[in-house]
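The values are calculated or read from the model by the stated rules, or taken from the named source; none is laboratory data. Every value quoted in this text rests on a predicted model; they were computed, and no experiment measured them. Cβ atoms come from the backbone with ideal geometry, glycine included; neighbour counts cover every protein chain shown.
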Amino acid sequence: MALRLRLEKPWQPLTAESVQRLPGQLGVYQVADAKGAVLFIGQAGARSPFGLRSELQREHRERGDGCQFRVEVNQQYRTRWFELLMVHKADHGGLPPDNAKNPPPLGRLSPY
Amino acid sequence: MDFEPNQEQQMLIEQVRRFVREEIIPLEAKLDPDASELDPADHARLVEKTKAMGLFGIDIPKEYGGPDIDIVTRVLLAIEMAQHRAGLYVPCYGTFGGAGLAQIFEANEDQKERYLYPTLRGEKKAFFGLTEPSGGSDPAGAIQTRAERRDNGWVLNGAKLYISNADRAQYGIVFARTDSSKGRAGITCFIIDSDTPGFHVRRVVHTLRSSHYATELEFKDCWVSDHQVLGEVNKGFAVANDRLTRQRIPYAAGCIGVAIAAHEMAIEWAKMRSTFGEKLSHRQAVQWMLVDNEIDIRTARHFTLEAAEKARRGLPFKIEASIAKLTASEGGGRVVDRAMQIHGGMGMTKDLPLERWYREMRIRRVGEGPSEVQRMVIAREILGSNLR
């Protein structure tokens, strides 16, 4: 059984309280605007002091209130991050705006 | 056989060892522990260095512009190149070039111009599409991707699984069944451009490996011309078999490199760390683990160099390559496991490279032919043809 390709969990508001409750684990995340348009796909790697919590706390500090986020705890955060970026590119014809500013080397997928 | 490096080999070993320690490891320390790519500017700078060292494209034969280094020396250097965190699957982050499984020397001149030479120059990347959802260890029986004759060409339909680099490659070598009545004599090898209509990279397959993630491919009415047949129709099995046998030697060398690095870390830690008032290195339980590491490494190194020496002399080396792959992948796994045990809690963390080596080394007992298949190859050879 293959893992689900796309992150389809419900969005949560990006607030200090909601990110404080996040686990300190490795994984991937998405940040979206209030309408649900994905702005950034990120990873919480082994250099993040408290994994997803640290990364989303940083996102909140930099973006302020008004955005949304969702996370996936995943030990294979690197390959999952590449996959989410490639799937987004295939679905939308380009990377999320904040990833496009500094794009990583990517392949191409034509996902189902 | 004497496998001690000669003076020239020793010089090259020291050159590569210095490169790993002074160029690769300091850059790696700044990367994510699971990273598999250098910053492009660093990569380009280091490629210039390996070119200046005369070692770029190390596995490319001299007649194709390679540096003319024999396979025994290449094994000795591959052992060195693997001795860093990402070294098992991305030795020196690819800065030594080379084409690996995509060395299509059986190609005709037109194919060499379009694919082989650009690959050897580092301008094109390729993937190797053999394994399918139906299996990988028995390609003669497992290949279900079909290629049917149509419109002066071939139409491919089917799927491939666990294929590395397919999403980033410009082309791939793909094996398909062209005659379902002939078993291994009914398989043909095709060169498929990755922008061919009907060729799809469907998803990333997440594994224990941090680097070079695998992908799943689909061929859906993918038409290619006769010009894309590599070698002869129905002779593709030999192309696959040749690569799989040759690949076992450098595959083993990578395992040995990582095992040496893990072993050296364990020795250093055992000499430094005290528990209950005594150094770990003074405890027999730890000494025996280190001794077992040493034996595993020496065994694998001996068999791998023996296989390389036979290949260098143009002698059959199939059984030796299987023994090398078997001893290096199984022994290497044991060495990394013991090194983690000696390091205790720290050995389990991403602060050290041991946990990445542990995960990636586990794949080596399955990749490029699992241990059981290597044992089967060896058993066939020693028991003779009546077993076949």
Tell me whether the stretch A:102-111 contains one or more residues that are under 29 Å from B:Leu208 (Cβ atoms), more than 14 Å from every other protein chain (Cβ to nearest Cβ) and surrounded by 20 or more Cβ atoms within 10 Å (Cβ to Cβ). no
Of the candidates A:His60, A:His92, the one satisfying the condition of being surrounded by fewer than 17 Cβ atoms within 10 Å (Cβ to Cβ) and either away from chain B (no Cβ under 13 Å) or not hydrophobic (A, V, I, L, M, F, W, C) (or both) is A:His92
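Output the strands (runs of 3 or more DSSP E) that fall wholly within the stretch B:178-274 and possess 2 or more residues being within 12 Å of chain A (Cβ to nearest Cβ) and either surrounded by 16 or more Cβ atoms within 10 Å (Cβ to Cβ) or in contact with a Ser or Thr (Cβ under 9 Å, 6 or more places away or on another chain) (or both), or say none. Even if it seems obvious, please write down each step before you answer.
Details: elements: B:187-193, B:199-205, B:214-225.
In the stretch B:178-274, the matching strands (runs of 3 or more DSSP E) lie at B:199-205, B:214-225.
Being closer than 29 Å to A:Ser48 by Cα and either touching a strand residue (DSSP E or B) at 6+ places or on another chain (Cβ under 6 Å) or among the charged types (D, E, K, R) (or both) narrows it down to one residue among B:Asp292, B:Asp351, B:Asp296; which is it? Before the answer, list the steps.
Numbers: B:Asp292 fails: closer than 29 Å to A:Ser48 by Cα; B:Asp296 fails: closer than 29 Å to A:Ser48 by Cα.
That would be B:Asp351, the only listed residue that is closer than 29 Å to A:Ser48 by Cα and either touching a strand residue (DSSP E or B) at 6+ places or on another chain (Cβ under 6 Å) or among the charged types (D, E, K, R) (or both).
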Of the conditions (1) touching a residue at least 60 places away in the same chain (Cβ under 8 Å); (2) touching a strand residue (DSSP E or B) at 6+ places or on another chain (Cβ under 7 Å); (3) among the basic types (Lys, Arg), B:Arg202 clears all except one; give me its number. (1)
Go through the residues of the stretch B:3-20 one by one and say whether even a single one is touching a Phe, Trp or Tyr at 6+ places or on another chain (Cβ under 8 Å) and assigned to a loop (DSSP other than H, G, I, E, B). no
Please go through the stretch A:14-32 and pick out each residue that is surrounded by 14 or more Cβ atoms within 10 Å (Cβ to Cβ), away from every other protein chain (no Cβ under 14 Å) and either under 23 Å from A:Pro97 (Cβ atoms) or of a type in the set (Asp, Glu) (or both). A:Leu14, A:Thr15, A:Ser18, A:Val19, A:Tyr29, A:Gln30, A:Val31, A:Ala32
Look through B:Leu305, B:Leu352 and report the one residue that is surrounded by fewer than 22 Cβ atoms within 10 Å (Cβ to Cβ) and touching a residue at least 12 places away in the same chain (Cβ under 8 Å). B:Leu352
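I'm checking my understanding of the structure. Among residues of the stretch B:104-136 that are part of a loop (DSSP other than H, G, I, E, B), closer than 18 Å to B:Val174 by Cβ and small (Gly, Ala, Ser), which one is modelled with the highest pLDDT?
In the first step, residues of the stretch B:104-136 are kept if they are part of a loop (DSSP other than H, G, I, E, B); the result is B:104-108, B:121-125, B:130-131, B:133-134, B:136.
With the extra rule that they be closer than 18 Å to B:Val174 by Cβ, the set shrinks to B:104-108, B:124-125, B:130-131, B:133-134, B:136.
Filter once more, so that each one left must be small (Gly, Ala, Ser): B:107, B:134, B:136.
On the way: B:Ala107: 90, B:Ser134: 85, B:Gly136: 74.
Among residues in the stretch B:104-136 that are part of a loop (DSSP other than H, G, I, E, B), closer than 18 Å to B:Val174 by Cβ and small (Gly, Ala, Ser), the one modelled with the highest pLDDT is B:Ala107.
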Just a yes or no: is a residue in the stretch B:162-172 more than 30 Å from B:Phe56 (Cα to Cα), of a type outside the set (A, V, I, L, M), in contact with a helix residue (DSSP H, G or I) (Cβ under 7 Å, 6 or more places away or on another chain) and part of a strand (DSSP E or B)? no
In the stretch A:1-13, which residues are within 14 Å of another protein chain (Cβ to nearest Cβ) and of a type outside the set (Gly, Ala, Ser)? A:Met1, A:Leu3, A:Arg4, A:Leu5, A:Arg6, A:Leu7
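Yes/no matrix, rows are residues, columns are (1) exposed (fewer than 15 other Cβ atoms within 10 Å of the Cβ); (2) among the small types (Gly, Ala, Ser); (3) under 30 Å from B:Glu355 (Cβ atoms):
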| position | (1), (2), (3) |
| --- | --- |
| B:Gly57 | no, yes, no |
| B:Pro61 | yes, no, no |
| B:Pro67 | no, no, no |
| B:Ala82 | no, yes, yes |
| B:Arg114 | no, no, no |
| B:Gly141 | yes, yes, no |
| B:Thr145 | no, no, no |
| B:Leu156 | no, no, no |
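With the condition kept exactly as written, say whether any residue in the stretch B:31-38 is surrounded by 13 or more Cβ atoms within 10 Å (Cβ to Cβ) and away from every other protein chain (no Cβ under 14 Å). Can you show your working first?
Of the stretch B:31-38, the ones surrounded by 13 or more Cβ atoms within 10 Å (Cβ to Cβ) are B:31-38.
Of the ones still in play, those that are also away from every other protein chain (no Cβ under 14 Å) are none.
Looking through the stretch B:31-38, none of the residues is surrounded by 13 or more Cβ atoms within 10 Å (Cβ to Cβ) and away from every other protein chain (no Cβ under 14 Å).
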Considering only residues that are in contact (Cβ under 8 Å) with a residue 60 or more places away in the chain, in a loop (DSSP other than H, G, I, E, B) and not hydroxyl-bearing (Ser, Thr, Tyr), which ones fall in the stretch B:32-55? B:Pro33, B:Asp34, B:Ala35
